[in-house]
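Please read the structure below before turning to the comments.
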Amino acid sequence: MPLRKAWEPLERATVGRAPDRYGVYELGDAEGNVLAVDHGPLRDSLKEALAYGDGDRVRWRATQNPEEAERLVAEHRDRL
């Protein structure tokens, strides 16, 4: 289950547009290869990823609740 959303650059403007909701996100390298898949409060998690330089690109999907996000991450990690 890769997220069906275009990659965006992992930069302050992109993080600022992330919803302040729980969700699933992928971090990618400059070529669009998935480096990490995780879940959490999107804006806070992406701020941390940006601060630590965890990737060049990002895409996310907001979820209704933490349980939905955990389920989606588990499915995604099984596929990887």
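Values in this text are rule-based calculations from the coordinates and carry no lab data. Small disclaimer: the values here were computed from a predicted structure and weren't measured. FYI the Cβ positions are ideal-geometry reconstructions off the backbone, even for glycines, and counts take in every protein chain you see.
The ellipsoid equivalent to the alpha-carbon distribution of the chain has semi-axes of 18, 15, 10 angstrom, derived from the gyration tensor eigenvalues as √(5λ) and listed largest first. Reducing the range 17-35 and the range 37-52 to their Cα centroids gives an inter-centroid distance of 8 Å. The ranking of Arg21, Arg77 from fewest to most other beta carbons within 10 Å of each one's beta carbon is Arg77, Arg21. Once the Cα-Cα distance is subtracted from the 0.36 nm per residue extended length, the Arg12 to Glu48 segment shows a gain of 11.9 nm.
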